[in-house]
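K.L.:
Sharing a structure below in structure tokens format, with a few things to ask.
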Amino acid sequence: MLEQLKRLATGIAGLDALLKGGLVAGASYIVQGRPGSGKTILANQLSFNHARNGGKVLVATLLSESHERLFQYLSTLRFFDPSRIGEQIQFVSAFDTLQSDGLDEVVKLLRREIARQKATVLVVDGLLNARTKAESQIDTKKFISELQGHAAFAGCTVLFLTSARLDDGSPEHTMVDGVIEMGEELIGARSVRRIQLRKTRGSGALSGLHDCEITDEGLVVYPRLESLYSHPSRQDPADRTLVSSGVPGLDALIGGGLARASATLAMGPAGVGKTSLGIQFLAQGTPEAPALHFGFYESPQRLLLKAAALGFDLEPLQRSGALHLCWQPTTEGLLDGLGARLLEQVETYGIKRVLIDSLGGMTRVTTNPARLSDFFASLTGELRARGVTVLVTCEMRGLIGPEINSPMPDMSSVVDNIFVMRFVEYASELKRMMTILKVRDSVYDPSLLEVVIGARGLDFKKAFKQAEAVLTGSASSTSHY
């Protein structure tokens with residue numbers, strides 16, 4: 001039987017997910033990154049979270065910066081609690097000792113403080129200064145080794161912070177149990193923070209680069225969704241239960257409704273009725289099976305006005321808890337942050353049907369388009385596993401034209417159902433039409449349907465029976481045949 005190592009949670013949810021539960025208790029880690037990358041915030045956020053859970057922390061700085069200045073910066077973050085300082089978190093400056101007496105005296109100082117404070121976490125900020133003070137690599141190894149030994153004897157987990165980007169073969173890397181690297185990348189005009197676990201001895205971890213950001217809460221880490229949910233977190237509740245799409249005429253064409261815990265893609269140009277279809281889908285929410293609008297282009301106020309114009313009053317559904325609205329702008333944000341926010345809403349409110357309006361809003365914030373297929377497959381897979389029925393809208397380029405392009409590779413295999421909505425020029429009129437391209441594991445009517453938007457929303461009727469080339473957008477009559 002495999003022995004499970006004891007974990008020390010950082011209290012930073014995304015980071016603990018990367019670490020598969022937290023740091024290994026009693027181990028030592030290097031946190032490296034350029035100045036401003038977030039190392040000090042990570043270490044202090046961990047420290048205050050640990051103190052909040054009853055732990056004792058010793059923060060030793062080898063830098064010349066005063067503690068008062070550090071506290072001034074930390075006070076802008078919500079995790080900072082000055083009442084913890086002195087009793088549960090002790091800050092010690094070892095800068096003067098390092099400059100005047102060398103590394104050996106720093107080790108003696110920290111050993112005394114670990115014992116006196118009964119510290120369970122030790123943070124050493126300024127490993128680069130210790131490295132430059134060392135006369136050789138052996139002295140650096142000795143410094144780290146002696147601190148590790150004293151800390152391990154006291155049952156203390158150690159974090160060394162350094163602004164140097166140490167190579168994998170550096171003496172520091174070979175000595176510690178884990179290496180956490182933080183960085184920042186400029187993509188176009190956007191600055192994106194990243195975190196990577198470069199070494200995790202004796203522990204599984206989610207590898208690769210993951211996005212993070214610094215907010216008023218402190219450091220927030222967003223594990224890549226496709227690595228976090230490479231397998232759904234629970235068993236897919238696949239069954240034959242059907243739920244209404246909100247449009248009785250559409251339900252009749254697809255065998256009675258949408259399969260529960262399925263994903264449906266509605267594609268079409270702007271103005272063709274995708275969001276209107278979504279509104280009717282959302283209107284089927286109940287307090288027992290709530291619905292969620294996860295939107296990008298329609299603010300909650302505009303969505304409510306649009307629904308009212310279609311004859312649907314969504315405000316009572318909101319008040320009863322049958323409907324929740326979650327809106328986010330497309331100008332900023334992180335792709336995995338959006339996924340995390342969506343899943344958090346689903347978990348918090350017990351959501352059973354979701355409208356993602358639209359897929360384009362999600363893709364606009366990505367910094368790596370090659371990830372989109374894997375990301376969306378993981379997201380829909382996790383939503384299905386949570387028993388959520390999903391409707392996703394996606395805008396197609398061009399109001400009229402012969403081409404119908406998938407929004408991303410392999411999209412047809414990711415979703416269960418595909419509805420294509422188009423504008424059609426026919427008999428000197430511009431009409432809306434829809435066709436059902438795919439309904440997984442069900443018989444469906446593939447007829448060409450005219451979309452009629454009336455006082456009670458969308459409805460569909462079979463049309464274009466005497467026409468050809470309808471899907472090109474420019475239909476012609478076949479009555480002369």
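The values are calculated or read from the model by the stated rules, or taken from the named source; none is laboratory data. Quantities reported herein were computed from a predicted structural model and do not represent experimental measurements. Glycine gets a Cβ as well: all are built from the backbone with ideal geometry, and neighbour counts include every protein chain shown.
K.L.:
Testing E65 on (1) free of Cβ contacts under 8 Å to residues at least 40 places away in the same chain; (2) within 22 Å of R165 (Cβ to Cβ); (3) touching a Gly at 6+ places or on another chain (Cβ under 7 Å), one condition comes back false. Which one is that?
P.N.:
(3)
K.L.:
For the stretch 418-463, what are the residues that are assigned to a loop (DSSP other than H, G, I, E, B) and of a type in the set (K, R)?
P.N.:
R440, R456
K.L.:
Test S245 against the criterion of being of a type in the set (S, T, N, Q), within 30 Å of L430 (Cβ to Cβ) and in a loop (DSSP other than H, G, I, E, B), and give yes or no.
P.N.:
In short, yes.
K.L.:
What number of residues within the stretch 419-435 satisfy the criterion of being hydrophobic (A, V, I, L, M, F, W, C), farther than 14 Å from L277 by Cα and touching a residue at least 12 places away in the same chain (Cβ under 8 Å)?
P.N.:
3
K.L.:
Can we say G295 is within 23 Å of T363 (Cβ to Cβ), surrounded by 18 or more Cβ atoms within 10 Å (Cβ to Cβ) and touching a residue at least 12 places away in the same chain (Cβ under 8 Å)?
P.N.:
Taking the combined requirement at face value, the residue satisfies it.
K.L.:
Do any residues in the stretch 316-337 that are touching a residue at least 60 places away in the same chain (Cβ under 8 Å) have Cβ atoms under 6 Å from those of residues that are buried (at least 17 other Cβ atoms within 10 Å of the Cβ) and not in a loop (DSSP other than H, G, I, E, B), where the two are at least six apart or on different chains, and which pairs are they?
P.N.:
Going by the 6 Å Cβ cut-off, the qualifying pairs are L334/D211; L334/Y222; D336/D211; D336/Y222; D336/L225; G337/Y222.
K.L.:
Kindly provide the set of residues from the stretch 117-143 that are touching a strand residue (DSSP E or B) at 6+ places or on another chain (Cβ under 7 Å), in contact (Cβ under 8 Å) with a residue 40 or more places away in the chain and under 15 Å from H173 (Cβ atoms), ordered by number.
P.N.:
If the condition is that a residue be touching a strand residue (DSSP E or B) at 6+ places or on another chain (Cβ under 7 Å), in contact (Cβ under 8 Å) with a residue 40 or more places away in the chain and under 15 Å from H173 (Cβ atoms), then L127 is the only one that fits.
K.L.:
Looking at I41, I12 in this structure, which one is in contact (Cβ under 8 Å) with a residue 40 or more places away in the chain, under 22 Å from the mean Cα position of the chain (by Cα) and farther than 18 Å from S203 by Cβ?
P.N.:
I41
K.L.:
Same structure, new question: Is it the case that G454 is at pLDDT below 85, assigned by TED's automatic domain parsing to the domain that holds L334, in contact with a helix residue (DSSP H, G or I) (Cβ under 8 Å, 6 or more places away or on another chain) and surrounded by fewer than 18 Cβ atoms within 10 Å (Cβ to Cβ)?
P.N.:
Taking the combined requirement at face value, the residue does not satisfy it.
K.L.:
Being part of a loop (DSSP other than H, G, I, E, B) and modelled with pLDDT under 85: is that true of S412 here? Walk me through it before giving the result.
P.N.:
Details: part of a loop (DSSP other than H, G, I, E, B): no; modelled with pLDDT under 85: yes.
For S412, the condition - part of a loop (DSSP other than H, G, I, E, B) and modelled with pLDDT under 85 - is not met.
K.L.:
Taking the stretch 164-188 as the region of interest, how many residues are farther than 27 Å from K56 by Cβ and in a helix (DSSP H, G or I)?
P.N.:
Residues in the stretch 164-188 being farther than 27 Å from K56 by Cβ and in a helix (DSSP H, G or I): 3 in total.
K.L.:
Here's another thing I want to ask about it. Looking at (1) modelled with pLDDT under 80; (2) buried (at least 20 other Cβ atoms within 10 Å of the Cβ); (3) in contact with a helix residue (DSSP H, G or I) (Cβ under 7 Å, 6 or more places away or on another chain), which one does G473 not meet, given that it meets all the others?
P.N.:
(3) is the only condition that G473 fails.
K.L.:
Kindly indicate whether any position in the stretch 292-307 is over 23 Å from G273 (Cβ atoms) and not aromatic (F, W, Y).
P.N.:
Within the stretch 292-307 (the criterion being over 23 Å from G273 (Cβ atoms) and not aromatic (F, W, Y)), the answer is no, since none of the residues qualifies.
K.L.:
Check whether at least one residue in the stretch 243-261 is more than 23 Å from E450 (Cβ to Cβ) and buried (at least 24 other Cβ atoms within 10 Å of the Cβ), and report yes or no.
P.N.:
Checked against the condition, which is being more than 23 Å from E450 (Cβ to Cβ) and buried (at least 24 other Cβ atoms within 10 Å of the Cβ), the stretch 243-261 yields at least one hit.
K.L.:
Right, something else. Being among the hydroxyl-bearing types (S, T, Y) and either out of contact with any helix residue (DSSP H, G or I) (no Cβ under 9 Å at 6 or more places or on another chain) or closer than 22 Å to N49 by Cβ (or both) narrows it down to one of S203, S227, S145, S233, so name that one.
P.N.:
Step by step, each of S203, S227, S145, S233 is checked, and only S203 is among the hydroxyl-bearing types (S, T, Y) and either out of contact with any helix residue (DSSP H, G or I) (no Cβ under 9 Å at 6 or more places or on another chain) or closer than 22 Å to N49 by Cβ (or both).
K.L.:
Would you confirm, using the coordinates I've provided, whether L161 is closer than 20 Å to N129 by Cα, assigned to a strand (DSSP E or B) and in the same structural domain as Q148 (by TED's automatic domain parsing)?
P.N.:
yes
K.L.:
Of all residues in the stretch 73-102, which are small (G, A, S) and free of Cβ contacts under 8 Å to residues at least 12 places away in the same chain? Give the steps one after another, and end with the answer.
P.N.:
Residues of the stretch 73-102 small (G, A, S): 75, 83, 86, 93-94, 100, 102.
Hits for the stretch 73-102 are S75, S83, G86, S100.
K.L.:
Does Q318 qualify as being under 18 Å from P232 (Cα atoms) and either aromatic (F, W, Y) or assigned to a helix (DSSP H, G or I) (or both)? Reasoning before the result, please.
P.N.:
Details: under 18 Å from P232 (Cα atoms): no; either aromatic (F, W, Y) or assigned to a helix (DSSP H, G or I) (or both): yes.
Taking the combined requirement at face value, the residue does not satisfy it.
K.L.:
With surrounded by fewer than 19 Cβ atoms within 10 Å (Cβ to Cβ) and either in contact (Cβ under 8 Å) with a residue 24 or more places away in the chain or at positive phi (or both) as the only criterion, which of S373, S358, S413 stands out?
P.N.:
S373
K.L.:
For the stretch 47-72, which residues satisfy the criterion of being of a type in the set (F, W, Y) and under 29 Å from V24 (Cβ atoms)?
P.N.:
First, the residues of the stretch 47-72 that are of a type in the set (F, W, Y): 48, 71.
Selection gives F48 alone.
K.L.:
Working only within the stretch 328-366, note down all residues that are part of a loop (DSSP other than H, G, I, E, B) and either at pLDDT 90 or above or over 17 Å from S227 (Cα atoms) (or both). Don't jump to the end; show me each part of the working.
P.N.:
First, the residues of the stretch 328-366 that are part of a loop (DSSP other than H, G, I, E, B): 328-334, 350-352, 358, 365-366.
The answer is Q328, P329, T330, T331, E332, G333, L334, G350, I351, K352, S358, V365.
K.L.:
Collect the residues in the stretch 288-315 that are outside any helix (DSSP H, G or I) and either of a type in the set (K, R) or under 30 Å from I187 (Cα atoms) (or both), keeping them in residue-number order. Let's see the steps before the verdict.
P.N.:
Here is the first cut: in the stretch 288-315, the residues outside any helix (DSSP H, G or I) are 288-299, 310-314.
If the condition is that a residue be outside any helix (DSSP H, G or I) and either of a type in the set (K, R) or under 30 Å from I187 (Cα atoms) (or both), then H293, F294, G295, F296, Y297, E298, S299 are the ones that fit.
K.L.:
Within the stretch 195-206, identify whether any single residue is hydroxyl-bearing (S, T, Y) and at pLDDT 90 or above, and answer yes or no.
P.N.:
yes
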